[in-house]
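The values are calculated or read from the model by the stated rules, or taken from the named source; none is laboratory data. Please read all numbers here as calculations on a predicted model, not as lab measurements. All Cβ positions, glycine included, derive from the backbone under ideal geometry; neighbour counts span all protein chains shown. Heads up: the accessible areas ignore ligands, DNA and RNA and are worked out on the full protein's heavy atoms, side chains in. Shrake-Rupley method; radii C 1.70, N 1.55, O 1.52, S 1.80 Å.
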Amino acid sequence: MSDPALDALMLPFAEGRIARVPGALFLGARAGAALHASQWPGLACVQGFRPQAQALERAGFAVRAEADPDPARRWPLVLALPPRQREAARALYAQARALADAGATVVASVPNDEGAKSGEADFARLFGAAGSLSKHKCRVFWARADAGGDPALAAQWREADAPREIAPGWWSRPGVFAWDRIDAASALLIAQLPDTLAGEGADLGAGSGVLAAAVLERCTGVRGLDLYEADARALALAERNLAPHAARVRLGFHWHDVAAGVPGRYDFVVANPPFHAQGRAPRPELGQAFVRAAAAALRPGGALWLVANRQLPYEQALAGAFAEVRTVVQRDGFKVVAARRAP
Ligand SMILES: C[S@@+](CC[C@H](N)C(=O)[O-])C[C@H]1O[C@@H](n2cnc3c(N)ncnc32)[C@H](O)[C@@H]1O
């Protein structure tokens, strides 16, 4: 799959504008042809999104979900592919600055339609005047970590995406899905969920645990619930948010790519599946893979409760895998579907 931001990020190295220093740190790292085109000894990748972390591992790179926990460690070069959410991107620039050695270069790449202009302006506030180029509908910008900028602002932005209690007992942070609200589709599914779900269940693409919390609050017959989520930060929040239920119900938290299937066997599954991967282009095959993963993980007679944008083409995948498929409600551009496996 093409990755213009990664292709653009590698350009200043390919053109010799920035030296390809061994032992560099890559925040928000992604695998791709431009990265693999030449050797990069000792490149340490940070990627909290499971499918991308696995792709990097398959390509032979060392990957962590979070940056090195050693606060004293400094890197001779820091590359960054910032997330789209602005506070989270600001926090990443500030993290890059904090982790860069004196004299190290920090370089970032942002697609034009994901806030390249504001990203470059934020970068310049932290680092001072920066070098830059435009290519592949992206902006690439770089600077020496110690060249200028504003250390006080860097300290402030370091906390820009820190976890916070956004409602009593509910923790979230910028950058995770619908971080400061309940997503409208999830709210519609929650409104329709029956209180009869029971036994062992799974939440596929669980985010910070919104659907799981609704299930646990409403369905007293639930004995166990496994949350599967690709975003390590969202999963950590879910674990914190659901902690009050842990004394009553067995809870599992899995940093996992649901599109590859899930290992358990369940009486019910709930999901608000993703339909975008990285980038803005819709990827309905992702939601279809979630439907197939749910069907394969359900016991005979098991039920799937799913919400999706109304126009997403999940019907064929549902009909192919379930004995009964019922549209429970269609409202505000979303549909809630209940599907049951043959007994
Ligand atoms: C539409 S959100 C729903 C989140 C949460 N269930 C809610 O209702 O607020 C989809 C979630 O799926 C996660 N996700 C995306 N791709 C995934 C994958 N391949 N495997 C597991 N989770 C994935 C996203 O990080 C996101 O948290």
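Compute the accessible area per residue over the range 164-340, keeping the other protein chains in place, probe 1.4 Å, unit Å².
For the range 164-340, the solvent-accessible area averages 43 Å² per residue.
Positive end of the dipole of the chain, charges at C-beta (+1 Lys, Arg; -1 Asp, Glu), about the Cα centre: which of Pro76, Ser208, His136 has its Cα farthest in that direction?
Highest projection toward the positive end goes to His136.
Please name whichever of Gly287, Ala243, Gly199 sits farthest to the positive end of the charge dipole of the chain, dipole taken about the Cα centre and charges placed at Cβ: Lys and Arg +1, Asp and Glu -1.
In the chain, that residue is Gly287.
Heavy atoms only, probe 1.4 angstrom, no DNA, RNA or ligands counted: give me Arg223, Arg74, Arg173 ranked by accessible area, highest first.
Sorted by accessible area, descending: Arg223, Arg74, Arg173.
Based on Cβ point charges of +1 for Lys and Arg and -1 for Asp and Glu, what charge dipole magnitude is obtained for the range 164-340 about its Cα centre, in debye rounded to the nearest 20? Show your work: numbers first, answer last.
Values: 19 positive and 17 negative charges, 16 e Å.
The dipole of the range 164-340 has a size of about 80 debye.
Could you work out what % of the accessible surface of the chain is carbon and sulfur, using a 1.4 angstrom probe and leaving DNA, RNA and ligands out of the count?
Of all accessible area on the chain, carbon and sulfur atoms account for 52 percent.
Report, in degrees rounded to the nearest 10, the 0 to 90 angle that the Cα long axis of helix 86-99 makes with the longest principal axis of the chain.
Computed tilt is about 50 degrees.
For Ala319 paired with Arg125, estimate the spin-label separation in nm (one decimal), with each label point 7 Å from Cα along the Cα-to-Cβ line.
Between Ala319 and Arg125, the simple spin-label model gives 5.2 nm.
Please state the shape class of the range 111-150: rounded when a/c is under 1.5, otherwise prolate if a/b exceeds b/c and oblate if not, all from the C-alpha gyration tensor.
oblate
Using the Cα gyration tensor of the chain, with a ≥ b ≥ c the square roots of its eigenvalues, what is the shape: rounded (a/c below 1.5), prolate (a/b larger than b/c) or oblate (neither)?
prolate
Taking R0 as 51 Å, what's the FRET efficiency between Ala152 and Gln192 from their Cβ-Cβ distance, rounded to 0.05?
0.55
Antiparallel versus total DSSP beta bridges in the range 113-263: what percent is that, nearest 5?
That works out to approximately 40 percent antiparallel.
Nothing charged except the Cβ atoms of Lys and Arg (+1) and of Asp and Glu (-1): what's the magnitude of the dipole of the chain about its Cα centre? Round to the nearest 20 debye.
The calculation lands at about 280 debye.
Which percent, nearest 5, of DSSP beta bridges in the chain are antiparallel?
About 45 percent, rounded to the nearest 5.
Could you give the length gained on full extension between Asp180 and Val329, defined as 0.36 nm per residue of separation minus the Cα-Cα distance, in nm?
Numbers: separation 149, 0.36 × 149 = 53.64 nm, distance 2.54 nm.
Between Asp180 and Val329, full extension yields an extra 51.1 nm.
In whole Å, how far is the Cα centre of the range 32-52 from that of the range 200-238?
If we compute the Cα centre of each part, the gap is 30 Å.
So how do 312-319, 224-231 stack up, highest first, on mean other-Cβ count within 10 Å?
Going by the mean number of other Cβ atoms within 10 Å, highest first, we get 224-231, 312-319.
Only Lys, Arg, Asp and Glu count, each charged at its Cβ (+1, +1, -1, -1), so figure out the dipole size of the range 4-158 about its Cα centre, rounded to 20 debye. Numbers along the way, then the final one.
On the way: 19 positive and 14 negative charges, 33 e Å.
For the range 4-158, the charge dipole is close to 160 debye.
If you roll a 1.4 Å probe over the heavy atoms of the protein chains, what accessible area per residue do you get for the range 4-158, in Å²?
That works out to 43 Å² for each residue.
Using a cut-off of under 18 Å, list every residue of the range 86-107 whose amide N is near the label point 7 Å from the Cα of Lys135 along the Cα-to-beta-carbon line.
106-107
Among DSSP beta bridges lying fully in the range 4-158, give the percent that are antiparallel, nearest 5.
45 percent
Length gain on complete extension for the stretch Ala342 to Arg64, per 0.36 nm per residue less the alpha carbon to alpha carbon distance?
96.0 nm
Compute the Cα gyration tensor for the range 283-343, then decide on rounded, prolate or oblate, letting a ≥ b ≥ c be the square roots of its eigenvalues: rounded whenever a/c is under 1.5, prolate when a/b is larger than b/c in the other cases, and oblate in all that remain.
oblate
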